[in-house]
Amino acid sequence: METIKLTIDKKLVEVEKGTTILQAAKKIGINIPTLCYMNLGDMNIENKPGGCRVCVVELEGRRNLAPACATDCAEGMVIHTHSIRVLNARKTVVQLILSDHPFDCLICAKSGNCELQSLAHKLGIREIPYQGEQSTYRKDTSPAIIRDVDKCIMCRRCEVMCNEVQTVGVLSAINRGFHAVVAPAFEMNLDHSVCTYCGQCVNVCPTGALTEVDHTNQLINDLADPEKTVIVQTAPAVRAALGEEFGLEAGTLVTGKMASALRELGFDYVFDTDFAADLTIMEEGTELLDRLSKHLAGDKEVKLPILTSCCPAWVKFFEHNYPEMKDIPSTARSPQQMFGSIAKTYFADKIGVDRKKLIVVSIMPCVAKKYECSRDEFKVDGNPDVDYSISTRELAGLIKRANIDFLSLPDEDFDHPMGESTGAAVIFGTTGGVIEAAVRTAYEVYTGKTLKKVDFEELRGLEGLRSATIDFDGLKLNIGIAHGLGNARKLLDEIKAGKSMYHAIEIMACPGGCIGGGGQPYIHGDSSIIKARHKAIYAEDEGKTLRKSHENPDIIKLYEEFLGKPLGEKAHHLLHTHYFDRKKEIFID
Amino acid sequence: MAQQIKMHLLVCGGTGCRASESDQIQASLEHELKVHGLENEAKVVTTGCFGFCEKGPIVKVIPDNTFYVQVKPGDAREIVEEHVIKGRKVERLLYTDPENKEHVADSKHMGFYRKQIRIALRNCGFIDPENVDEYLARDGYQALGKVLSEMTPEDAIKIIKDSGLRGRGGGGFPTGLKWEITRKSVAEKKYVVCNADEGDPGAFMDRSILEGDPHVVLEAMAICGFAIGADAGLIYIRAEYPLAIKRLKIAIDQARNYGLLGNDILGTGFNFDIELRYGAGAFVCGEETALIHSMEGSRGEPTFKPPFPSVEGYLGKPTNVNNVETFANIPPIINKGSEWFAAIGTARAKGTKVFALAGKINNVGLIEVPMGTTLREVIFEIGGGIKDGKKFKAVQTGGPSGGCLTEKHLDIPIEYDTLIAAGSMMGSGGMIVMDEDDCMVSVAKYYLDFTVEESCGKCSPCRIGNKRLHEILETITKGQGTMEDLSKLKNLSHVIKDTSLCGLGQTSPNPVLSTMENFWDEYISHVVDKKCTSGVCKSLMRYVIIPENCIGCMACARNCPVNCITGERKQVHFIDQDTCIKCGTCLEKCKFNAIAII
Amino acid sequence: MTKIKSLAELKLKKEELEKKLNLREKSNEPDKYIQIKVGMATSGIASGAKVVMDFLIEELNKRGIDAVVTQTGDMGYCYAEPTIEVKRPGEDPIVFGYVDLKKADEIIEKYLKNGELVEGIIPVNYESIDE
């Protein structure tokens, strides 16, 4: 390994060749401020356009200042990170950025979480001497994401997420010079684009240019309405991240406190999406076995691999990009929608409330879920199965707004009957989890044997593309796993080319799966947080007595009392869906 | 006895002369020759630009070298009947020497051409760019043949290195060294790229070379391909150069037909072919990394170097990018040797440089002079001095990124380093001359206008900083500037230069800094005295009535569109400054010189 | 177009093609060559100047003499038409009168090739005829 010696702020440092000045400085405790730079090392995602010029440093012998994020160390470099020249340049650059930024910090959705705000504070900026025209653009509201690009600082992080990571290709820089901004082509609205609402752009946006649609006010009104029965479901990944908003260490599970807080907020019933995840496994697992056995029996009509369908961003992605393969994904609805469907039939009947008076709210680590529950096929006579979805971040905000001291809350359980769940449902929250849950059930159903070990380590991990072969008593089942839509695209292209070797594939749109979802607390570039959440999910699974979906007693009861059998007529009607060809939906205004 | 062609009528077919109907002149000349049965004795040849655009369209009669200027299609008949048939020069179409008012027939005797040495432009205005045979007749592709048959790639690189040739596109990086670095980059595929994205306002040397001598670029690119180990060449050319594109396409076809591009060139086993890539005319795409991104189909914006294109360029492969003028020097250097080239110019800058003269200068056009020629020679001898006998004030070199040089700089020899030392730069060779009527604050604002428009917007100092610079200059020209604005201008200019990502932002404040340096008084008079001494900034102008001259005729008051002039008949009138819109009508209408601008 | 397959072929091609461009090439640096101006005013044409000019161009070409043959207006020697002015590199120009084909041939052979003067010189006392 070749090393390089250099001096930063009079301190000698030795680094590996290929280390940037930013990294080298960090090594010796010098934190050069950055703005556009983003490095999610654990997920191999980097944004290094060298565009904001906040991280400039003085390099002896060099004519101009050098961006620390993009400049590699060289032998003998002498670097000053806080000389007067650097400080003046850095301050001026941030003042310039601020001079083209709305001054509505006090009421901005990102206030307190804004990296530009923190930077201005850190640099002690108290005035903006360079005032002038501010660029203005049309505000764009979609079912899930709001673009307020007046606040765009051209850091291009969203562009990297949307294009390189997700390969969705909606957000990219348009216009030139002062009017350059990141937007969909021709400044179209997001809902006229192929945007999947995965929300990865929202997750990385340093300012308030990209935020989620806020449903908290609607929720507050509904909770206050005595006419309405308001019930809530919470997705598995939420409990592994919500604590971060209250200062807890990443990866702290707050399942009990969350249930408690939801009750405090005034929900009539506090349920768990995990219940519906177990239900999903019953349907999807059965569908897998059904298609598998037909396929093995030589039925040419039945196609494999089967693809999971619980991620709404992923569903929209293939509807836009691979509509010719829309018969491949499982027809099983997502847990959120299964929950809504059962809540507004089975549960509504049980408590004797009209579905129109029953408000089903979901707490999701996701912004695409906001879009999913608004899809027409998930409505009965215009009444949605899930009325609206709230992100993890929004929930945290609500809890704070309701004066609840989250940390001192007691741990409470979910309500019955839709609060019971197994460990298999919990792991839906991370990449590899859905397929592992399916395997646990499918194995036992297919072989008639009990699993000796329910942990399928071979399906776990944070690699973007993974595969494993599971032995079903002689039947070797090839499983593929992709998270991040760019990785999904690779598997889909293989299928399209007839080269796929898989029987079943799990796909989650967000890097890391739902734990890295677009509605989760901001990680501000710290990808170790995703890792911690990942661990927490498996810890929750391990702590559960029941770890296989088909052992969930309330699920068994649901089939006995109401649904009949998996893939049966009622199940088909309430728990399955169909997909649309959205290739031709895109038009230019 | 077969009639032999004894006369060539060269008609400029460059974009400039085309815009003045030179294609019609060509057609009319051909028609007249036919009418007089002279098709077999004289022929009309369309050439590239002669350079003397001020006097275009140009028709040159060979062999007696008669240089007709400002020719119109209607002049064709007279040229044929008088000159072609009777051998009598058409006096009225000859160039008149501004000094002694005499007609000059032979261009060699014109001040405009006398000091020029044409290397890059040697075929422009001489050969028919659409006829490869004419290029071949002038040693065309001999350099390529020589390199392929008699040299190793290292030999070729050595010649270019020894010649001292430096990039003509702006930066002045040693060409041979660039080739050597690209040669040393190991990859299975490499590219040669010709940067024909000429974007400096007023500069058109690259276009002229491509229009007038397209094969020289193709030949040079093939030589470069051999030297660096590439088999593919790409010319990145702006789509708004349709004529250059057309001629390049013709040239590429012709070269392929002769086997001078394609596989196994001249039986040497060397393969090389060239394709065109069109740019949408963004100034920043002249920056090589932005250019490469644009060619790849991405947004045309620069990325941080290193990696340099020589290591990681087009499609991630080592790519050698040179501009058109640089390439145009390559075949002559190979043919005549590095010593020949190195003997022209100065110790630190070899060869010649093409400049586009524009602005308040008598001889607007394209010139090529040895490095080291002084600005004075260029402006006053070749350029014929300042229009209308006005006083020289400044010359902007290096395009929008350059600086304004003044009287005191006139005798410095033009080189890369001397220009930088003087606060400007060589750039691609734009040279805009300003006279006493130009307001330097407005000039700086004009250039900022351009950079604000052309910034790609990627980095914040360039995207926002240039806009703010422009706004401050706008404030100053409106008479609302303060001393604090001047210090803001200075700080902002330095920070933008210091922090911008690419050459565009790193140089865009140069016009501001150089005008502040050289014309500080003008800034002060705008800011403190609220006066624009050149009378350019409308907001700072005041129309006043000179009482001694005013006879009270009321002509001004009657015509004033905003009725801001008052006064009784036969009484001295008065202009209300608050209402005056400075339209100038009063000045125009006054017959007694009683209105003045102060 | 047939392909050019070697450097040698390219050189041959050049030699063949450069003749066509000779006219322009020479006019670019006329002082290096013999310059001949043929008086071509109306009177000159009437007296056969055009035939003489064609003859000169053709024959010089055939005999391998590099020269620039241009026409010029009335030389002012109508009495002696056709007249031609010949200027050898580095020498003063000489004007010949009554140049017919025979005379032209003699001028080529004697004066142009060897610098021998031939009869028919019109004495002049100026530099050149058209300036």
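Just so you know, all these numbers are worked out from the coordinates, no wet-lab data involved. Since the model is a prediction, treat every value here as computed from it, not as a measurement. Neighbour counts are summed over all protein chains in view; Cβ atoms, including those assigned to glycine, are modelled from backbone coordinates with ideal geometry.
Points to keep in mind about this one:
- Dividing the radius of gyration of the alpha carbons in region B:440-527 by their Kirkwood radius gives 0.95 for Rg/Rh.
- log₁₀ of I(q)/I(0) at q = 0.06 Å⁻¹ - the protein assembly as shown, Debye sum with one point per alpha carbon: -0.71
- Within-15-Å neighbourhood charge of residue B:556 [Cβ basis; K, R +1; D, E -1]: +4
- Inter-centroid distance (Cα atoms) of region A:485-518 relative to region B:185-209, Å: 42
- In region A:102-139, the chymotrypsin sites (Phe, Trp or Tyr not before Pro) that fall in loop regions by DSSP, at most 15 other Cβ within 10 Å: A:103
- If R0 is taken as 41 Å, the Cβ-Cβ distance between residue A:539 and residue A:472 corresponds to a FRET efficiency of 0.90.
- Descending Cα extents along the principal axes, region B:487-598, whole Å: 64, 23, 21
- Cα lying deepest toward the dipole's positive end in the protein assembly as shown, options B:386, B:448, A:186, charges on Cβ: B:386
- Nonlocal amide H pairs with residue B:313, under 5 Å, H built at 1.01 Å: B:319
- Debye-sum result for chain A in log10 I(q)/I(0), which assumes one identical scatterer on each alpha carbon, at q = 0.06, 0.10 Å⁻¹: -0.33, -0.87
- Kirkwood-type hydrodynamic radius, region B:345-443: 13.1 Å, calculated from all non-identical alpha-carbon pairs.
- Of interest is the spacing of the C-alpha centroids, which for region A:48-71 and region A:263-313 amounts to 51 Å.
- Within the straight-line cut-off of under 19 Å between alpha carbons, the lysines reachable from residue A:496 are A:300, A:303, A:316, A:326, A:583, sequence neighbours fewer than 8 places apart in one chain being disregarded.
- Cα centroid separation - region A:201-250 against region B:445-475, whole Å: 42
- Positive-end residue of B:223, B:235, B:255, charge dipole of region B:210-277 with Cβ unit charges: B:235
- Normalising by residue count, region B:241-286 has a Cα convex hull of 74 Å³ per residue.
- The mean number of partner chain beta-carbon atoms within 10 angstrom of a residue's beta-carbon across peptide B:142-150 is 3.
- Seen against the Cα atoms of chain A and their longest principal axis, helix A:273-296 is set at about 70 degrees.
- Dipole in debye (nearest 20) - region B:440-527, about Cα centre, beta carbon charges: Lys, Arg +1; Asp, Glu -1: 300
- Between residue B:82 and residue A:556, the simple label model (points 7 Å from Cα in the Cβ direction) yields a spacing of 11.4 nm.
- Local electrostatic count, residue A:487, Cβ distance below 13 Å [Lys/Arg +1, Asp/Glu -1]: -2
- A DSSP coil position with no more than 16 other Cβ atoms inside 10 Å describes the following GluC sites (Glu not before Pro) in region A:420-491: A:463.
- When +1 charges are put on Lys and Arg Cβ atoms and -1 charges on Asp and Glu Cβ atoms, the dipole computed for the protein assembly as shown relative to its Cα centre reaches about 1300 debye.
- Computing FRET efficiency as 1/(1 + (r/R0)^6) for residue B:491 and residue A:325, where r is the C-beta to C-beta distance and R0 is 41 Å, gives about 0.10.
- Taking amide H as placed 1.01 Å from N in the peptide plane, residue A:57 has its amide H under 5 Å from the amide H of A:66, A:68, each at least 5 places away in sequence or on another chain.
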